[in-house]
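Below is one structure, written out as structure tokens, with a few remarks after it.
Nothing in this text is a laboratory measurement; each read-out follows from the coordinates by a stated rule. These numbers come from a predicted model, not from an experiment. Cβ placement follows ideal geometry from the backbone for every residue including glycine, while neighbour counts extend to all protein chains displayed.
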Amino acid sequence: MILIDGKAVSEKIQEQIREEVARRKAEGRRIPHLAAVLVGNDGASETYVGSKVRTCERIGFHSTLIRLPETISEAELLAQVHSLNENPDIDGYIVQLPLPKHINAEKITYAISPEKDVDGFHPANVGKLALGLPTFIPATPFGIVQLLAHYGIATEGKHCVVVGRSNIVGMPMGLLMSRNAYPGNCTVTITHSRTPNLAEETRRADILIAALGRPEFIKADMVKEGAVVIDVGITRVPDASKKSGYSIKGDVAFDEVAPKCSYITPVPGGVGPMTIASLLKNTLLACGEE
Ligand code: GUN
């Protein structure tokens, strides 16, 4: 069993981007600028956005954090989005999800200029992904394909089972694994909450991608011997032994599943750190060759 070290791969990619930024600086070229919009005070969102902004600073990108109160109206948030679309200093930006219930997240996502949509959530960019055209690939699926490529994991002709059909992970993951490229060329099964006999499907997976958001849901008897298991889960569960009061659990019962795998990602330290590297790559792409 090989443990996939997402932290190390992410650091390597970040180092390459840091070098590219230094080259750009030396040549007097444009330095990428990422903005992040954070609405309200959700603990997990604060952690993710804080980490994105700090990483930008570390590798030499410009970054701007826009904090807005939980009570902001949809119209006010839309005005902020329009202002970011028109701001020539900003190359790309994200609006951290989830948004408060009184705001229609689709309306906000669809208002983001596709050229600045480094999350790859806008319908124009999802459409390009579906057609196999160059675009911003959503950070988590992008991170996963980079991990598969880094470890040289064979994908052609394999059966990939994705558990979860979210717009952020499951759906784009299925598109990427079935495309005519490497990593890809898999036969893909997307499963979800209405899939009968889920274990029967997951047991057929050469590559199993768990993205359903239920801690330790995937047990050893749901996994084929020798499978590649990618764990996208990052659920906070109460843990009195931790200073923070919680620990982070993946969607896979790691201790019982790992011995059956050829490769597996741990949580934390697997897929999570890769999402930031992907976002930085997308921001560099949005900045272009200027
Ligand atoms: N919430 C959870 N994951 C993401 C992400 O990749 N982008 C944004 N904007 N919000 C998220």
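Quick notes on this structure:
- Sparse-neighbour loop sites [GluC sites (Glu not before Pro); region 137-217; at most 16 other C-beta within 10 Å; DSSP]: E156
- Using alpha carbons only: equivalent-ellipsoid semi-axes of the chain, gyration tensor based, whole Å: 31, 22, 19
- Spin-label zone in region 34-58 - amide nitrogen under 15 Å from a point set 7 Å from the Cα of A79 along the C-beta vector: none
- Taking a straight line from the alpha carbon of K243, these aspartates and glutamates sit under 20 Å away, with near neighbours fewer than eight places off in the same chain left out: D42, E46.
- Gap separating the Cα centres of region 228-290 and region 76-102, nearest whole Å: 26
- Cα gyration tensor category, rounded, prolate or oblate, for region 27-120 with a/c compared to 1.5: oblate
- For the residues S83, S278, S241, a GNM of the chain with alpha-carbon springs under 10 Å puts the largest fluctuation on S241.
- Members of K25/K52; K101/K242; K158/K260; K7/K52 lying beyond 23 Å, as alpha-carbon distances in this model show: K101/K242
- Under the Debye formula (equal points on every Cα, no solvent term), log10 I(q)/I(0) of region 56-109 at q = 0.16, 0.24, 0.26, 0.29 Å⁻¹: -0.54, -1.03, -1.14, -1.31
- Just checking the listed ones, P138, P215, P88: in the Gaussian network model of the chain with Cα springs under 10 Å, the one fluctuating most is P88.
- Counting only residues at least eight positions apart within a chain, or on another chain, the aspartates and glutamates with an alpha carbon under 14 Å from that of K12 are E20.
- Förster radius 22 Å - calculated FRET efficiency between I2 and S247, Cβ distance, rounded to 0.05: 0.35
- Disulfide-incompatible cysteines by the Cβ rule (no partner under 4.7 Å) in the chain: C56, C261, C287
- From helices alone, the chain scores -12000 deg cm²/dmol at 222 nm; the rule is -39500 (n - 2.57) for each run of n ≥ 4 DSSP H residues, then divide by the residue total.
- In straight-distance terms, cross-link reach from K219 covers every one of the aspartates and glutamates whose alpha-carbon lies under 16 Å from its own, apart from those fewer than eight places away in the same chain; here that gives E200, E201, D206, D231, D251, D255, E256.
- Ordering of 54-66, 247-259, 265-277, 14-26 by packing [mean C-beta count within 10 Å, highest first]: 265-277, 247-259, 54-66, 14-26
- For region 177-269, a/c is not less than 1.5, where a ≥ b ≥ c are the root eigenvalues of the C-alpha gyration tensor, and a/b tops b/c. That puts it in the prolate class.
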